[in-house]
Structure formats: C-alpha cells, structure tokens
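Notes follow once the structure below has been shown.
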Amino acid sequence: MKFKFLIMLAIFATSAFAQTLKGRVFELNEKEEKVPLISANVFWKGTTTGTATDIDGFFALPKPTTPTAFLVVSYTGFVADTIEVAKSKDSIEIVLTLNKSLNEVVISAERSSKFLDQEEAQNVEIITNKELLKAACCNLGESFTTNASVDVQYQDAVTGARQIQLLGLAGAYTQMLFQNIPSLNGLGSSFGLGFVPGPWISEISVSKGSASVVNGYESITGQINVNYKEPANAEKYYFNAFQGSNFKTDLNANTTIELSENLSTIILAHSNFVTKSLDDNNDSFIDEPKTSQYNFMNRWVYQNDDGLVSRLNIQYMTEKKNGGQINPGASGNLYKIDIDTKHFNLGSKTGYVFSAEPYTSLGLMVDFHSHEQNTLFGLRKYDATQNVLFSKLILETKTSDEVHTLTTGLSFTLDKLNEDLGSFKQEKTESVPGIFLEYNYSPDNLLSIVPGVRVDFHNLFGTLVTPRIHFKYNFDENTILRLSAGKGYRSINLYANNLNWMASSRQFLVNSTLPYEEALNYGLNLTRYFMMGGRELRITADYYRTDFQKQVVADIDSDPQKIIFQDLNGQSYSNSYQIEMEYNFIWGLGLTAAYRYTDVKTTYNGVLRTAPLQSRFKVLTTLSYTVPERDWVFDATFLVNGPGRIPSTTSNPEPYRRGEEFNAWININAQITKKFDLFEVYLGAENLTDYTQPNPVIASDDPFGQYFDAAMIWGPISGRKFYAGIRLSVF
C-alpha cells in the first residue's frame, strides 16, 4: 500500500516529444571549474518569455516558432551573453564571464542558499530548496530548522503538530501564502504545516514586519509565501525516500510532461507513515501518533509569445492520525486521539503583459479550497468544515524609466466555517470585498518609498482600512536601511486556532466580545556587506515592535483547569531584536550565526506579564561544508533556546505541579550527503543532545481527571532521532 502511489506515477511518466530548450548556466570558480549559477535570467530576445535557473543552474524554455532565435542570459556581476539558437537545438550550455569593470565588492563566487532580496523595499529573506536540503525537511513545519527569524515548536505533547512563531508571536499572526494566495487560516492553522511536503517547495519568502497590502489585511507580524515547483524548472523525474529511526517513512515523487511548446504539467505525489507507537518518556502516551497521509498535486502551465501565462493547480490530501494512551490510566479506559483530515484545492492564476504597453500587466487569481477535519481528544469531539473562495484582480503599470510603479486591484474572499463541539455549534460566514493601491517610487538604485493602502468591507467587522509604508535607502552599495510601519487585522476563530488546548481537561471559558484583532507593527532593518579575504560578509540587524489595539487574550495562568478568553484591557506588545552574520571562510565552507532576543508581554487581569511557554532568546549557528569536488556535503545546526515562563500550577496537587521557569536548552542537528551523477544519499541525526522537556504531560496517569494537561509545551518532545534517505533527480 505504501508504494501504490508510485505505480500511479509510472502511468504518467511518459512525456511527449520535447518542444523545449533545456540548458544550464555556469560560472568559473577560482580553480577554473564550472559552478552552476543560481537564479540567472534567461529569456528570448524581443519577447516576454523567460525564466530563471534553479539551484543546479538548469533552465527550460519553450522554443519559439521561428527557425532561429536569440537567447539572452544575464546575471548581476557577469557579462550578459546573447546566443543564436536554431529551432532544431534541444539543449545548450552557457558559461558567463565575470564583469571585471565592476567593483569587486558586488561579485560573489556562489549565491547563498538563503539570502536577502536586495531589490525589495520590504525585509524579505529567500530560502531556496537548496537550503531545505541541509536538514530533514519532510514538510513545511520542518523547513525553518536553519532559519533564525522563524521558530517552530510542538504545540502539544500528543499530536506531533507543530506551530511557527515570528517576532515572538504565534503563527496565527503571520499570514501564510501559497503562490501569493492566502492559505492555512482557520482550520488549517493547527496541523497545516504538515500538509506541505518539503520536496514540493522551490523557495520560501519570509517577509518580516508589515507586508504588502496587495496580499491582504491579515498580516500582523509578517508574511510567509511558499512557491511550489514549476514544470519549466523542475526535474523531469524525481524520487525521494526518507526513513527515520522513529519509524517514520516519507516518499515523494514528481514528473514533468511537456505536451507542446506552450503547455506543460507537473505531477507531484507524497505519502508519509508513522507505523509504530513509541513512548520514550514512559508516560503511557505515544510521543507521536501513528500517521498515514496521501497527498497529490497537479500543476499546469500555459504560456505563449504574446504575453499570456496561465497556471492551474489541483491538490487533494487525506491524513489520519491515531494516538493517545498505550496503557489505560486510573479510569481503566484508554485516552484516544483521532484526527481525520481531508483537504481539496483548486486554483488558477492568469497573467497578461500588454504588447503595446510592455510595462503594464494584468493578473487574475481564483482559488477554492475545502478543509474537513474530525477530531477526538479523549471525551472531546470537534468536527468542522471550512470552504474558502478567494479571488483577486491585479493591475500593475510602471513608467518606462521604472521610477514610478503603480499596483492596484480588487479582491474578494468568501469564508464559511462550520464548527461542532457538542454543546457548542457555530456557522460563520465571512464575505470580504476589498480594494487596494500600492505606489513604488524609486528615482534611482538608492531610494525606494512604497506606501500602500487597502480598504475591505467585511460583512461582520465593517470597514477595515489598512495603511502600510516601506522605505529603503542605500547609503552606499554595501549598506542598506529599511523601515516599515503598518496595521493588520485578524479574524478570531477561538476553537480552530486553539485545538492544542483540547489535549487537556481545561474548560474553555469565553468572556470576549471581540470579533477581530487589530495591531500596529513597525520596525527597521540595517544590512551591511563587507569584503574580507575576498569573500562577502553580511551582517544584518533589525528591530520590530507589535502593538495590539484589540486582542483576545488567552489566560492560562488564573486557573490551571481553565483557559479563559477575554478582551485585552491594558497593554499587549512584542519587541524582537535580532542580529545575524553570514560568511564563507573558504570556498565551500559557510557559517551563519544569529542572536535574537524577544520581549513579549500581555496584560492578564490588570497585570502586565511576560508571555508564557516562550524562550526569551535564541542563538543559532549553522555550518555547511562542500568539498571541492562537490560530491560530499556536511551540514550542522546548533541551537540554544533561552529560558522562559511556565504558567502557574500552584493550585494543583504536588505531583501535578510544574516550576515557574524552564531553563535554556540545546539542540544539535547534523547531516552528511553524498552525491552521485543522478542521485544522492544522505544520513542525519536530529536532537543529538537527546534533550526533551521533562514530564510534558501533566497527570498522564489520569487523563480523564481534572488536572490532565498535554498542551503546556516549551521544548522538544522527541529525543535523539537518526534518519537516512535517497534522492533521484533526472533533468
């Protein structure tokens, strides 16, 4: 059964006659060896048909209909090349030459697997799929292991679900986008990070602070946009198998099919299984539930030489989780956890560049997703469905000198959520038409000012006005200052966003009247590039503050047997300070080191207190070494999480009490990769220190009693794990 989906893929693994030019772009390193150029621009001269090279320098472009055409290849710091290509030619190899007339400080030998977008006025970090290969990235929840800005931790001790944090606040305050379409809101927020396979991802963009108004009003601490593989730059055949010592198996495969010179498709398949129950901490609860997930996606791309590009995306996912107790407790009954999820997505994106106005384009996005989730925690049963229709029409135009750019458009969201918690039933429909306008003023390469505003007409909240502004100034070619400020809103779904607390005996008391939350975010980022030993050193420092005007506060301190939702009455804010350094000591040896301090406080019952279950600081160091032959890669990550506050349990009986603080802890991950011509094998280990949160489940011996709590989590649940895998890539 595990390999049924592979048989299905074999049926689709036949492609039509290639009508595509495939190629690879290189540079020469210090040893005159060819090194792939990542994100080099490749396009047909005189057309809008173009692409960028992937992490191995590969690209694919539809052939023009003319007997010959001119291919333009360019990359910052290198001399652009124009090559005459006959229609009969199917493949090509290009080696770009360094532009010796440029100042040396703007030339680097190899682009980093993660980097800051220097052109954007926003503070945007790009995480490529090359970076994801440095760790056991089985899904989106494991994609930020080497990232200093985004934290990922378990949300409880029994479901294996993870949640992200950005700028010290929960992931619900970060807008999640897939291909710039909002997703993972509502029901998807609890377990959705596990629904996105890592091998499907081409890159992740992390935008800290106030993000663009074009993508909606939901962003408060930032936006995370995930881009999937495209037929033009994905592998022709790809297969990945992963096996962990915790009996988790991951299988991934994709294939591209070129149906014509204008139409292509990619089929992606994923499945993962956890087949055995483990209880390493001997609390009678399974550390990670048994899991079976099947996930399929089909992406279609049509483009022509007249400026039209259209994409269609279809996805279906089903997942079942079964966990809970291995042996019955004091009641004599097993505490069971069952989570059954089905997800369907259908979306399209169409863009057109006007031939008469090459600086003007029009785009239309339409997306529908349906999410059904049936959940059982002991005696608590939570069933819910969510259907979301999203559409956006966007027009962008700029002057020929590209000094002025105007982006405007309309959006509409229809969100229907039905919840059934036994005594509580709710049907909520949100209908939100909106309009947005963003202006970019860039008189030169030194200054960018990007103000924007959107107005949304919410059927439940009324009119929401969202102003935001971004400012970027280059003091010189090596020093960049960014400033941002703006407002954000978030719709409140108390139960859908707090499912982790159902893994406890806490009563849900709702004393709130707020339908939505509102906050201001402002911050600054300073990036400086130095040349040391002929190599680039990047140092980035930033500060961001989030101030809430409206917030529903979850009080878990007043009574350890209750979670009380109440309106904010006082201050609630987050301060995030971070400094990061990235440097390649020698060719192939890279180091990233970062320190972040977070100060998050909220008013609980008239008292301003530090947010619970959160580390006050984080120290992250990553090392990566590639041997000169490029066939061995060694990666290691060292993480120190600082201490934090634990909610009060003083009213519990002595065996069920916990301290008021947790100590700092260390996590070390390491991986070795050996590359061959068409495939590579990798071996790795997670949590080498074998540190786990002690006694993560309160009253594990009596889960049906009033003191049971498996949601007060601040550290790792699983101990040391080893894994091995193989990847096969055919371009």
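Structure data summary
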read-out: Complete set of residues in the range 32-42 that are surrounded by fewer than 18 Cβ atoms within 10 Å (Cβ to Cβ) and within 21 Å of LYS89 (Cα to Cα); value: ASN41
read-out: Extreme residue, farthest from the chain's Cα centre (by Cα), among residues of the range 512-537 that are modelled with pLDDT under 95 and closer than 28 Å to ASP599 by Cβ; value: SER512
read-out: Matching residues in the range 431-450 - criterion: being buried (at least 19 other Cβ atoms within 10 Å of the Cβ) and either within 30 Å of GLN507 (Cβ to Cβ) or of a type in the set (Phe, Trp, Tyr) (or both); value: PHE436
read-out: Of residues in the range 678-691 being of a type outside the set (Val, Ile, Thr) and in a strand (DSSP E or B), the one modelled with the lowest pLDDT; value: PHE679
read-out: Residue count for the range 655-677, restricted to those that are surrounded by 12 or more Cβ atoms within 10 Å (Cβ to Cβ) and over 27 Å from the mean Cα position of the chain (by Cα); value: 5
read-out: Answer residue from the range 514-528, given it is under 15 Å from LYS487 (Cα atoms) and not aromatic (Phe, Trp, Tyr) and is surrounded by the fewest Cβ atoms within 10 Å (Cβ to Cβ) among those; value: LEU520
read-out: Criterion (aromatic (Phe, Trp, Tyr), at pLDDT 95 or above and under 26 Å from SER370 (Cβ atoms)) met by exactly one of PHE412, PHE424; value: PHE412
read-out: Subset tally (residues that are of a type in the set (Val, Ile, Thr) and over 23 Å from ASP542 (Cβ atoms)) for the range 583-636; value: 6
read-out: Cross-chain or 6+ apart pairs with Cβ under 6 Å, the range 529-540 first and in the same structural domain as GLY588 (by TED's automatic domain parsing) and in contact (Cβ under 8 Å) with a residue 12 or more places away in the chain, then surrounded by 13 or more Cβ atoms within 10 Å (Cβ to Cβ) and part of a loop (DSSP other than H, G, I, E, B); value: TYR529/ASN478; GLU536/SER108
read-out: Residue match in the range 249-256 (condition: at pLDDT below 95 and of a type in the set (Val, Ile, Thr)); value: no
read-out: Any hit, the range 259-279, residues being among the polar types (S, T, N, Q) and under 21 Å from GLU203 (Cβ atoms); value: yes
read-out: When residues of the range 384-425 are limited to those that are hydrophobic (A, V, I, L, M, F, W, C) and under 19 Å from GLU120 (Cβ atoms), the one surrounded by the most Cβ atoms within 10 Å (Cβ to Cβ); value: ILE394
read-out: Number of positions in the range 211-248 that are under 30 Å from LYS392 (Cα atoms), outside any strand (DSSP E or B) and not acidic (Asp, Glu); value: 15
read-out: Selection status of TYR237, modelled with pLDDT of 95 or more and either surrounded by fewer than 21 Cβ atoms within 10 Å (Cβ to Cβ) or within 16 Å of ASN139 (Cα to Cα) (or both); value: yes
read-out: Residue satisfying condition, being under 29 Å from TYR302 (Cα atoms), in the same structural domain as ASP709 (by TED's automatic domain parsing) and more than 25 Å from the chain's Cα centre (by Cα), within set THR429, THR397; value: THR397
read-out: Answer from ASN180, ASN139 - the residue that is on the phi < 0 side of the Ramachandran plot and not assigned by TED's automatic domain parsing to the domain that holds GLY323; value: ASN139
read-out: Any chance ASP547 is closer than 30 Å to LEU379 by Cα, out of contact with any His (no Cβ under 9 Å at 6 or more places or on another chain) and surrounded by fewer than 21 Cβ atoms within 10 Å (Cβ to Cβ); value: no
read-out: Test: THR637 is surrounded by 16 or more Cβ atoms within 10 Å (Cβ to Cβ) and farther than 21 Å from TRP714 by Cα; value: no
read-out: Residue identified as hydroxyl-bearing (Ser, Thr, Tyr), at pLDDT 95 or above and either touching a Phe, Trp or Tyr at 6+ places or on another chain (Cβ under 6 Å) or more than 30 Å from ILE492 (Cα to Cα) (or both) among SER260, SER277, SER284, SER292; value: SER292
read-out: Spans of strands (runs of 3 or more DSSP E) in the range 434-504 with at least 3 residues touching a strand residue (DSSP E or B) at 6+ places or on another chain (Cβ under 8 Å) and at pLDDT below 95; value: none
read-out: Residues satisfying the stated conditions in the range 66-89, i.e. part of a strand (DSSP E or B), within 13 Å of LEU37 (Cα to Cα) and hydroxyl-bearing (Ser, Thr, Tyr); value: SER74
read-out: Selection within the range 684-721 - over 24 Å from the mean Cα position of the chain (by Cα) and under 24 Å from THR637 (Cβ atoms); value: LEU688, THR689, ASP690, TYR691, THR692, GLN693, PRO694, PRO696, GLY719, ARG720
read-out: From the options GLN315, GLN293, GLN303, GLN325, residue that is buried (at least 20 other Cβ atoms within 10 Å of the Cβ) and touching an Asp or Glu at 6+ places or on another chain (Cβ under 8 Å); value: GLN293
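Okay, residues lined up against (1) assigned to a loop (DSSP other than H, G, I, E, B); (2) under 15 Å from ALA232 (Cβ atoms); (3) under 29 Å from the mean Cα position of the chain (by Cα):
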site: THR255; (1), (2), (3): no, yes, yes
site: ILE266; (1), (2), (3): no, yes, yes
site: HIS270; (1), (2), (3): no, no, yes
site: ASP279; (1), (2), (3): yes, no, no
site: ILE314; (1), (2), (3): no, no, yes
site: THR318; (1), (2), (3): no, no, yes
site: ASP338; (1), (2), (3): no, no, yes
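Conditions tested, residue by residue: (1) touching a strand residue (DSSP E or B) at 6+ places or on another chain (Cβ under 7 Å); (2) in a strand (DSSP E or B); (3) under 29 Å from THR159 (Cα atoms); (4) without any contact (Cβ under 8 Å) to a residue 12 or more places away in the chain.
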| site | (1), (2), (3), (4) |
| --- | --- |
| GLN373 | yes, yes, yes, no |
| THR385 | yes, yes, yes, no |
| PHE390 | yes, yes, no, no |
| ASP401 | no, no, no, yes |
| LEU406 | yes, yes, no, no |
| LEU410 | yes, yes, no, no |
| GLU419 | yes, yes, yes, no |
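The values are calculated or read from the model by the stated rules, or taken from the named source; none is laboratory data. Keep in mind that this is a model prediction, so the values were computed, not measured. When we count neighbours, we look across all protein chains shown, and the Cβ atoms used for this are built from the backbone with ideal geometry, even at glycine.
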